[in-house]
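Structure first, commentary second.
A short reminder: the numbers here are calculations on the coordinates, not readings from a lab. Note that the structure is predicted; figures quoted are calculated from it, not measured. Because the Cβ atoms are built from the backbone with ideal geometry, glycine has one as well, and the counts that use them run over all protein chains shown.
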Amino acid sequence: MLSRTADNLYWLSRYVERAEYLARILEATQRLTALPLAYSGTTNEWESAVSTAGCVNAFFAAFNEANEETVTEFLAFSPANPSSIRNCFEVARTNARAVRTALTMEMWDAINGGWHEIKRFGGAGATREELAQFLRLVQECSLRFDGSAYRTMLRNDAYWFSRLGVFIERADNTARILDVKYHLLLPVEARVGGPLDYFQWAAILRSVSALTSYHWVYRESLKPWLIADLLILNDQMPRSLASCYQNLVQNLDYIARAYGRQGAAQRQARKVRTRLENSRMDDVFQGGLHEFIGEFVVDNNQLGTTISQQYLV
Amino acid sequence: MRIRISHESIYRYAAPVAGVIQTLRLTPRNHDGQYVVFWRIDISEDCRLDHHEDAFGNITHTFTAEGSFTELGVTVDGEVETQDTHGIVRGAIERFPPSLFLRETALTRPDTAILTFAREARAAARDDTLALLHSMTERLHREIVFDPDPTHTATTAAESFAMRRGVCQDLSHIFICAARSLDIPARYVGGYFHRADGVIQQEAGHAWAEAFVPDIGWVGFDPANGISPTDQHVRVAIGLDYLGASPVRGARKGGGTEALTVTIHVDQAAGQMQN
């Protein structure tokens, strides 16, 4: 397979995954800000949504204030933001078109049809109703695309590269939510979680659709350290860091086996996975949750770069 | 290197047994030098295989098989991808501070001969811990004849040292015992060894030792081969001595005499290159 093809497949999946993540963030933030003022305290949820999306500088270059209108515009529609949902889909579709023959009919339909619907939305004066519709549509497109890939693609290097894109992006997204919200997850002695905390925690879980899973796993009320455990170390949870790395290691392994050679990407992925597998939440908190996640983000980016160097250029 | 391992133990009993209970320490874990691609344990009787972790962080499986039967097979099958880390063990699970591994056990109690051996090695190496450990590995490899006949699983370090004969287990015990007598934390490692000479079928697993070297951490030493572990070694379990890391421990009810046949295959999996 040409490096260029692998590169397109990888970025196609990454952009679709990123668009879905942004839609989830916007939805969770909307829900959180809909609470009565007494609950929402002094934090600006919209600003925190921008930092979770990792584009604070670009945002404040374009807008002065983070509120519902500006943040929605910037994260969902803005042509000036290279990672707005709209741009993500546009880039995803461009990538898909470049490798049209490497995709199945269903995948192409999902991404092309999705893009045509998505581009109808936007512009000033979108109501909350419309925005909600839009966010739903984005998540459905992503599901349809992912499902088509899962159901129709040959299990060869094309599939494995597209999976790498999904899981690198997903790990990055989960880590970024944790990074922005980590102060909420720190165990404080004798702290009674107020209603604000409760809603914040629920919002974290909702943004990775893990609220129900949480109750299945722990069978108790929301505890911040358990949330951290679920999103970092629990490999049953599809958006946890551990699960993303389990998948990354496996797909890199398939690629290595098919090509008969392996290199830095495999080693790096295995190293991170081993670290996640051999960690316990107590030790993570002891060493600092923030530091742990910070290192993870660096390691994950490093893996992205290594994959690019080894396969995509 | 991608190493393919299959390890089959078949127990044959003279009379039907009423029940068998076993704890298996047969599953490797990942660390920086190895990655388990897949691993499977199969028991020939219907039973539940419970997954646990022991105090050292080794993965254990326990099962209880209800009789009656006259033959029991425990089969392990897996593939591990290894990298040469020059014997340095990083990224492994450490549940205890190194000083715990100064504890003496019945199998690793030093006698005067081993104490003298350790002191001589230290005198020659001066203050260099790493050089000291390497010289002990080399001396044991040179001076102790590899011979499975006179020793058995309960042979102590002192007995084997006195005979100047033993297998990898005995050499590791002597090494551990000598290191601990010099206040260097040391532990026993059970695992598999891929032989470079092309011998694939083996009758027993492999064993070596790890010692804690300041500023470096845990470093492996394989006195049976006179080297530090390379990508030919697959690390499965650690313990204070053989008993703590032993692959199978168990008990049974009835059955009369028991005959155990162990077949281990350690081979390189489908050719792969590193780039």
For this session: With unit charges on the beta carbon (Lys/Arg positive, Asp/Glu negative), name the residue among A:Phe199, A:Ala62, A:Tyr245 whose Cα is farthest towards the positive pole of the charge dipole of chain A.
Result: A:Tyr245
Problem set entry | Shielding by partners, peptide A:270-282 (average Cβ within 10 angstrom, other chains) | 4
Problem set entry | Taking the range B:104-233 and dividing mean pair separation by its residue count, relative contact order in percent (alpha carbons under 8 Å, at least six apart) | 26 percent
Problem set entry | the range A:266-313 - charge dipole about Cα centre, Lys and Arg +1 at Cβ, Asp and Glu -1, debye rounded to 20 | 300 debye
For this session: Using Cα positions and a limit of under 22 Å, work out the lysines in reach of A:Lys223, with same-chain residues fewer than 8 apart set aside.
Result: A:Lys181
Seminar exercise, completed: Hydrodynamic calc, the protein assembly as shown: Kirkwood Rh from Cα pairs, then Stokes-Einstein at 4 °C with viscosity 1.567 mPa s, so D in µm² s⁻¹ is 48 µm²/s
For this session: For the range B:211-275 and the range B:164-200, write down the distance between their C-alpha centroids in whole Å.
Result: 10 Å
Exercise. If one takes the longest principal axis of the Cα atoms in chain B, at what angle in degrees, from 0 to 90 and to the nearest 10, does the Cα axis of helix B:112-125 lie?
Worked result: 50 degrees
Exercise. Using +1 on the beta carbon of Lys and Arg, -1 on that of Asp and Glu, and nothing else charged, what's the dipole of the protein assembly as shown about the Cα centre, debye to 20?
Worked result: 740 debye
Exercise. For chain A, which semi-axes, largest first and in whole Å, follow from the square roots of 5 times the eigenvalues of its Cα gyration tensor?
Worked result: 31, 26, 16
Exercise. Once the principal axes of the Cα atoms of the range A:77-154 are found, what is the range along each, listed largest first in whole angstroms?
Worked result: 43, 23, 16
Exercise. When B:His51, B:His61, B:His233, B:His173 are ordered from fewest to most other Cβ atoms inside 10 Å of their Cβ, what list results?
Worked result: B:His51, B:His61, B:His233, B:His173
Seminar exercise, completed: Counted neighbours (other Cβ, 10 Å), sorted fewest up, put A:Trp11, A:Trp108 in the order A:Trp108, A:Trp11
Problem set entry | Relative contact order for chain A, counting Cα pairs under 8 Å that sit 6 or more residues apart, in percent | 23 percent
Problem set entry | Cα-centred dipole magnitude for the range B:85-244, charges only on beta-carbon of K, R (+1) and D, E (-1), debye, nearest 20 | 220 debye
Exercise. Mind checking the angle between helix B:129-143 and chain B's longest principal axis? C-alpha axes, 0 to 90 degrees, to the nearest 10.
Worked result: 60 degrees
Problem set entry | Rounded if a/c under 1.5, otherwise prolate or oblate - the range B:85-244, Cα gyration tensor axes | rounded
For this session: Under a cut-off of 15 Å between alpha-carbon atoms, report the aspartates and glutamates in cross-link reach of A:Lys271, not counting same-chain residues fewer than 8 places apart.
Result: A:Asp253, A:Glu295, A:Asp299, B:Asp32, B:Glu81, B:Asp84
Exercise. Residues of A:254-261, mean number of Cβ from any other protein chain within 10 Å of their own Cβ, rounded to a whole number?
Worked result: 3
Exercise. Counting partner chain Cβ atoms within 10 Å of every residue's Cβ in B:36-44, what's the average?
Worked result: 1
For this session: Neighbouring Cβ atoms within 10 Å as the yardstick, rank A:Lys223, B:Lys253 fewest first.
Result: B:Lys253, A:Lys223
Exercise. Per the helix-only calculation at 222 nm, which mean residue ellipticity applies to chain A, given -39500 (n - 2.57) for every DSSP H run of n ≥ 4 and division by its residues, nearest 500 deg cm²/dmol?
Worked result: -23500 deg cm²/dmol
